Amino acid sequence: MRRSNESSPATRRRGAPEPLGDILAQVLTRPMLARNLELERLQEAWEAATDGPVRQQTKVVAFRGRKVTVAVRSSPLLHELRGYRTEALLAELRRRAAPLEVEALVFRVEG
């Protein structure tokens with residue numbers, strides 16, 4: 001049971017300082033923020049792993065079930081990525097996005 005002189009988030013005086021670690025722990029446990037941070041990390045890793053033309057015509061759009069979904073702007077590039085570059089890109093993405101566990105790349109055309 002909480003004593004009356006102990007502060008809680010609800011009773012803490014407005015503007016009173018809180019330890020940064022407490023604030024970060026509250027924010028980083030939010031599932032939506034965690035997903036956004038993962039997606040941002042994967043997008044940065046993807047951009048670093050790809051060359052100019054591929055980087056300009058693709059974007060990481062989802063990360064679910066250890067699968068990264070990449071939107072591709074053209075069908076010819078989609079076929080090139082699926083047919084010739086998936087394994088190399090997957091290996092590079094795994095290396096750059098660690099500790100996130102990436103098992104597969106999924107490409108889809110998105111104009």
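Translational diffusion coefficient, Stokes-Einstein: compute it for the range 37-109 using the Kirkwood radius over C-alpha pairs as Rh, at 20 °C and 1.002 mPa s, and state it as an integer in µm² s⁻¹.
Working: Rh = 11.9 Å.
Approximately 180 µm²/s, per Stokes-Einstein.
Please report the antiparallel percentage of the DSSP beta bridges confined to the range 37-109, to the nearest 5. Please list the in-between numbers first.
Numbers: 6 of 12 bridges.
Given both bridge residues lie in the range 37-109, the antiparallel proportion sits at roughly 50 percent.
Taking 0.36 nm per intervening residue step and subtracting the Cα-Cα distance, what contour gain separates residue 73 from residue 18 on full extension?
15.2 nm
So, in nm, how far is label residue 90 from label residue 37 when the simple model puts each one 7 Å beyond its Cα toward the Cβ?
It is 2.8 nm.
Charges at C-beta only: +1 for Lys and Arg, -1 for Asp and Glu. How large is the resulting dipole of the range 40-111 about its Cα centre, in Debye rounded to 20? Write down the numbers at each step before the final one.
Working: 13 positive and 10 negative charges, 32 e Å.
It comes to approximately 160 debye.
Residue by residue, what Karplus-based ³J(HN,Hα) values in Hz, rounded to whole numbers, does the range 84-99 have, using 6.51, -1.76 and 1.60 with θ = phi - 60° and x for Gly and Pro?
Each residue of the range 84-99 in turn: 10, 10, 4, 4, 5, 5, 4, 4, 5, 5, 4, 5, 7, 9, 4, x Hz.
Computed from the coordinates by the stated procedures, all read-outs in this text should not be read as laboratory data. Being a predicted model, the structure only gives us computed values, none of them experimental. Here Cβ is always computed from backbone atoms with ideal geometry, including for glycine, and neighbour counts include all displayed protein chains.
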